[in-house]
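Computed from the coordinates by the stated procedures, all read-outs in this text should not be read as laboratory data. Everything numeric here is computed off the predicted structure, so don't read it as measured data. Cβ: placed from backbone, ideal geometry, glycine included. Neighbour counts: every protein chain shown.
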Amino acid sequence: MAYPVYSFGITKEYMNTFKTTISFFLFILPLFIYGQDSVKTHYNLEECIALALKSNAEAQKSANSSEAALLDLRQAKASLLPTLSGQLDHNISTGFSTDPNTNTIVSQNITSGNQYLSTNVVLFNGLNLLRTIRQQAFAYRATQMDEQRIKDELTMDVILAYLQVITAKDALNQYKQQRDVTQKQLERLAILNKDGAVPPGEYYDVKGQFSGDQITVLTAENTLRTNVITLTRLLNIPYSKVLTFEPINQLPDVTSASMSQQHLYEKAASSLGTLKAAQFWKESAAYQLKATRSLYFPTLFLGGNLSSRYSNADQSRGTYMDQIQDNLGKGVGVTLSIPILDGFRRRINVSRAKLELRNAEIDLETTENNLQQQTAQVLINLQTAKEKYLELREQVEAYKESFRVAEVRFEAGDINSVEFLLQKNKYDQANISLVVAQYEWQLRQRIANYYNGRR
């Protein structure tokens, strides 16, 4: 019996194409994998600040606001330029119609057109245009200072979030060390309890302490993840479990000279965008009031125009271009617009501008007082954080020795588990407090540097 022979049509050219395709994918696959693996997962503080200033939504919006204010300033300056407009119309008439050149009734198809060009410039309007330019210039500078303020505040938020991540990480390591110490004692007591060498209560006391330490470690891990999410939100990057952050090991100088409150206030006033923005907004409101008042004055315009027309009904006057030149008309004039009664809109706008100026003055005064109070509080917090850290460092050294003695006595059977756990908890809590105090001092010092103009 003969079996049918099937041909799949696999030619030599097809096999060559197939081999080329496979070779191409084998070539780009390692590059693709490398690109995936090269995604940045480790950051230091400076990189986080730079990334936040570049990618954070509020920072980008503040930059857009500055660009919009610059456009408003350009528009105000462009208002000084003359206006220029042109108009062309083309008409086709059939049957009885009026010849636009002779104004006579004719019975023929007429193709006609008009051309018009006009210009207009403001000669005087009570200095409204110039004052509007000054208003927009101060508004633009104020917006720039607002952008700086937003970015400065974002920088401080990133520093705070970064230090919270590092604090949570170090605290987690401390909690794990405490758990390991408890586990070591639990393993020792388990052997002794099995042999009946210790009261069962001591074994179960330490076992309960170990469970508590486990829960503390789990809570600390959750706190660390939460703090990392907060930081990634400021950086505007996706959260990932593989993200790591460079620790900060350098403490502020204990012997550094303290700053005076007046010096810090003056430096903050000259370097921060907060106070400068309030000052510029006040100047902008002042010029807005002047510009609004100038609308009480008449406005003087200078205008000019060129016009011409064309009609095919008057062939004697030549071609299209000939008629355009022959029918050319020119004009120039001066217009004086005098405001008499407009439903008190100008008066109401002036009153509204006065209120906006008063609000800007209140904002400036409030900003000055707030800045003075903030600089005073910054120095108080810095000094308190420094003294707290130094005291806690001595406390840790004292409790460290106390715990060492308690551990030796507990292993020797001189004290019970209650006394041992009491000393251990004191030492553990002091270590955690020292970690928190260390980064709190870092934070307070960086805030002081921020107000002092060192960023």
With the contact rule set at Cα under 8 Å and sequence spacing of 6 or more, what percent relative contact order holds for segment 311-455? 26 percent
What share of the DSSP beta bridges in the chain is antiparallel, in percent to the nearest 5? 95 percent
Normalised per residue, the volume inside the convex hull of the alpha-carbon atoms of segment 216-362 in Å³ amounts to 440 Å³
Say R0 is 25 Å: what FRET efficiency, to the nearest 0.05, do residue 226 and residue 373 get from their beta-carbon distance? 0.20
Principal axis extents for segment 286-407, Cα atoms only, whole Å, descending order, please. 125, 41, 19
Cα-based Rg / Dmax (Å) for segment 171-213: 11.1, 37
By the gyration tensor of its Cα atoms, with a ≥ b ≥ c the square roots of the eigenvalues, what is the shape of the chain: rounded for a/c under 1.5, prolate for a/b over b/c, or oblate? oblate
Here are some pairs, 194/400; 54/276; 77/290; 176/388; 40/267; which of them have Cα atoms lying more than 27 Å apart in this structure? 194/400; 40/267
Kirkwood hydrodynamic radius, computed over distinct alpha-carbon pairs, for segment 266-340: how many Å, to one decimal? 18.2 Å
Could you work out Rg/(2.2 N^0.38 Å) for segment 101-193, with Rg from alpha carbons only? 3.29
For q = 0.24 Å⁻¹, what log10 I(q)/I(0) does segment 369-421 give under the Debye formula with an equal point scatterer on each alpha carbon and no solvent? -0.85
Out of every Cα pair in segment 330-398, what percent are spaced more than 20 Å from each other? 69 percent
Can you give me the long-range amide H partners of residue 244? Hydrogens built in the peptide plane at 1.01 Å from N, cutoff under 5 Å, separation of 5 or more residues or another chain. 42, 43
The ³J(HN,Hα) series, computed from each phi in segment 398-412 with the Karplus coefficients 6.51, -1.76 and 1.60 at θ = phi - 60°, rounded to the nearest Hz and given as x for glycine or proline, is 5, 5, 4, 5, 4, 5, 4, 5, 5, 5, 5, 5, 5, 5, 7
Expressed in angstrom, Rg and Dmax over the Cα atoms of segment 256-301 are 19.4, 67
